[in-house]
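Input: a single structure, listed below in structure tokens.
The values are calculated or read from the model by the stated rules, or taken from the named source; none is laboratory data. Since the model is a prediction, treat every value here as computed from it, not as a measurement. With ideal geometry, Cβ positions are generated from the backbone for all residues, glycine too; neighbour counts draw on all protein chains shown.
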Amino acid sequence: MHRGEPFGLLAIVVKSTKLFVLAMAVLGLQACTLGHLRSLSPKGQDITGLWMGTSTSFSATGSANISLAVFQEGDGEFSGLFDCDAGNSICRDSIRGGTLRGRTSARAFRVDLENRSWCSFSGDFLPEIADGRYYCYYDSGRVDRGIWNLKLQRWRATPVPGSVL
């Protein structure tokens with residue numbers, strides 16, 4: 001064995017480890033950047049259409065079928081109608097319908113239900129799919145929370161001028 005060999009091998013291991021850590025940091029940064037890009041709704045995205053999917057309650061441990069009829073109003077604002085149909089769980093207080101309003105830039109919308117309760121949905125709208133989390137409130141307390149996912153159907157509509165929506 002040569003006198004300086006163990007230290008030479010150690011230097012190679014240290015250099016290799018530093019390169020590995022640097023490579024992992026760069027890959028991690030790229031993954032974070034790509035994940036961040038997915039979480040933003042595309043600027044100017046028109047989400048008008050019929051969105052159908054499910055909401056899964058953490059409280060009721062079941063899912064319901066939901067649909068949104070969404071009409072883009074300009075400047076990223078949108079409004080529409082909310083419908084819930086029981087899947088393997090009942091809809092919130094058996095309420096089937098409500099109205100919605102929101103902004104794509106806020107990545108959130110609010111659904112006002114018929115019994116004066118309301119749900120706040122936040123998440124991502126991509127060109128064909130949407131998903132996120134929701135929280136429902138009645139009076140001043142939170143009464144439900146869960147996740148939602150939707151898929152855009154091939155229907156597009158233009159709101160009638162002067163309509164309530």
*Within the bounds of segment 39-53, is there any residue that is within 21 Å of Gly146 (Cα to Cα), modelled with pLDDT under 75 and surrounded by fewer than 17 Cβ atoms within 10 Å (Cβ to Cβ)?*
yes
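Results for (1) crowded, with 16+ Cβ neighbours inside 10 Å; (2) touching a residue at least 60 places away in the same chain (Cβ under 8 Å), shown as yes or no for each residue.
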site	(1), (2)
Ser57	yes, yes
Glu77	no, no
Cys84	yes, no
Arg101	no, no
Phe109	yes, no
Asp112	no, no
*Give the residue that is surrounded by the most Cβ atoms within 10 Å (Cβ to Cβ), with candidates limited to residues of segment 125-165 that are modelled with pLDDT under 90 and within 19 Å of the chain's Cα centre (by Cα).*
Phe125
